[in-house]
Each structure stands twice: as structure tokens, then as C-alpha cells.
Amino acid sequence: NACDIEGRGFTEEQEALVVKSWSVMKSNAGELGLKFFFKIFEIAPSAQKLFSFLRDSNVPLEQNPKLKPHAMSVFLMTCESAVQLRKSGKVTVRESSLKKLGAAHFKYGVVNEHFEVAKFALLETIKEAVGEMWSAEMKNAWGEAYDHLVAAIKSQMKPAD
Ligand code: HEM
């Protein structure tokens with residue numbers, strides 16, 4: 001109900017803001033993904049060392065074939081989370097993939113600060129990509145979807161069993 005402390009949850013308007021902005025970004029998702037991760041590494045250079053495929057590689061960052069896919073997963077899964085949040089009030093990544101995700105981020109040493117820097121970088125990247133379409137509400141909608149997704153990943157951040 002409207003007086004609920006939790007508020008109304010993730011709304012249809014919020015979902016629409018995420019989906020609408022994603023639809024203008026997705027044709028350029030590879031480029032945006034690189035931009036997104038460059039922002040992360042600019043703020044937190046040490047985060048590069050977490051990625052085995054960056055550590056073990058001598059090609060320049062922007063030519064590394066594995067960086068884009070990770071960046072795209074973050075974008076895509078955040079967008080999907082917005083849809084799930086509106087439908088069911090929670091993030092519903094398949095249990096097995098969520099376990100895998102949690103275990104991988106645990107294993108590679110991803111910590112809270114990384115998720116925070118990534119949130120900032122994600123929102124900046126979207127802001128620059130959508131131009132005039134950007135608004136406080138849009139920022140909020142993406143931020144909320146990201147927070148819920150990260151909370152789900154963190155809940156599974158423990159050694160794989
Ligand atoms: C691996 C998604 C945030 C660092 C992965 C994988 C996926 C993924 C799908 C592959 C997992 C596997 O191997 O099974 C996501 C999502 C995120 C997120 C959805 C946020 C919502 C981050 C952040 C960092 C990070 C913030 C650090 C800055 C890594 C690393 C790996 C990984 C180091 C392992 C890469 C390797 O194989 O060396 N992530 N990620 N992730 N992620 Fe993320």
C-alpha cells in the first residue's frame with residue numbers, strides 16, 4: 001500500500017526510463033562498454049589487475065577482446081533487472097548463474113568499492129550517451145536496478161562449493 005515504508009517498489013515509469021535509454025544505447029553497446037570500463041580504471045587503476053584476461057595480456061586495453069563482453073553483461077543484466085524488479089519486485093537471475101556470478105567475483109577479489117565505482121561510471125556513461133534524454137529520474141531508475149542486482153550478486157559472494 002502507498003503508506004508502506006518500502007514505498008511502491010520499482011515502478012512502471014522507472015522500468016520505461018531504463019528500457020527507453022537502453023534502446024538508444026544498444027546499437028553502440030560495445031563502444032559504450034569500453035567507455036564504461038575506462039572510467040572505472042581511471043578512478044580505480046588497480047581494478048585492472050582483477051581481470052585475468054587483462055593481467056595476462058600484452059595487447060592494449062581497448063583491443064582486449066574480453067573487456068567488452070564483461071562490460072556488456074553489466075549493462076544488459078542491469079537493464080534486465082529493471083524489468084524483473086517491476087514485474088516481481090526482485091531481481092530474478094537464475095539461481096545457478098547467480099551462484100556462479102557470486103563465486104567468480106569473490107574469487108577474483110572484487111570488493112564493495114569496485115561495485116560503487118562501477119555504479120558511478122555506469123551512470124556517467126549513460127548520461128553522456130543519452131544526452132538530452134537524461135534526467136534525475138532516469139539516473140535513479142538505473143541506479144536502483146544496479147543496486148538490486150549487485151545486492152543479489154553480493155549475497156552469493158562466497159567460495160564456490
Ligand atoms: C566476471 C557480470 C561487476 C570484475 C564476471 C562475469 C559476469 C560478470 C557475467 C563472468 C562470470 C563467470 O566467469 O562465470 C558482472 C555484473 C556486474 C559486475 C552483472 C555488476 C552488476 C563487476 C565489477 C568488477 C567486476 C564492478 C570490478 C571492477 C569481474 C572480474 C571477473 C568478472 C575480475 C572475472 C574475470 C576473469 O575471468 O578474469 N562479471 N560483473 N565485475 N567480473 Fe563482473
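The values are calculated or read from the model by the stated rules, or taken from the named source; none is laboratory data. Source: prediction; values computed, not measured. With ideal geometry, Cβ positions are generated from the backbone for all residues, glycine too; neighbour counts draw on all protein chains shown. With ligands, DNA and RNA removed, areas are computed over all heavy atoms of the protein, side chains included. Shrake-Rupley method; radii C 1.70, N 1.55, O 1.52, S 1.80 Å.
A few points about this structure:
- Look at segment 75-92: where a residue is open to solvent by 50 Å² or more (accessible area, probe 1.4 Å) and a partner is part of a helix (DSSP H, G or I) and of a type in the set (D, E), sitting 6+ places away or on another chain with Cβ atoms under 8 Å, you get R86/E12; R86/E15.
- Checked against (1) buried (at least 18 other Cβ atoms within 10 Å of the Cβ); (2) within 11 Å of the ligand (Cβ to nearest atom); (3) not charged (D, E, K, R), L32 passes all but condition (2).
- Of all residues in segment 31-50, those that are under 20 Å from E128 (Cα atoms) and part of a helix (DSSP H, G or I) have Cβ atoms under 8 Å from Cβ atoms of residues that are modelled with pLDDT under 95 and of a type in the set (F, W, Y), 6 or more apart or on another chain, in L32/F75; G33/F75; F36/F75.
- Among residues of segment 105-121 that are open to solvent by less than 80 Å² (accessible area, probe 1.4 Å), those with a beta-carbon under 6 Å from a residue that is more than 8 Å from the ligand (Cβ to nearest atom) at least six positions away or on a different chain give the pairs H105/M157; V117/I43; A121/F36; A121/K39.
- Among the residues listed as K68, K100, the single one being assigned to a helix (DSSP H, G or I), within 10 Å of the ligand (Cβ to nearest atom) and of a type outside the set (G, A, S): K100
- S23 meets all of the listed conditions (1) within 14 Å of the ligand (Cβ to nearest atom); (2) free of Cβ contacts under 8 Å to residues at least 60 places away in the same chain; (3) under 22 Å from E132 (Cβ atoms); (4) open to solvent by 30 Å² or more (accessible area, probe 1.4 Å) but one, namely (1).
- Condition broken by S57, with the remaining ones in (1) of a type in the set (G, A, S); (2) assigned to a helix (DSSP H, G or I); (3) open to solvent by 30 Å² or more (accessible area, probe 1.4 Å); (4) farther than 21 Å from F10 by Cβ satisfied: (2)
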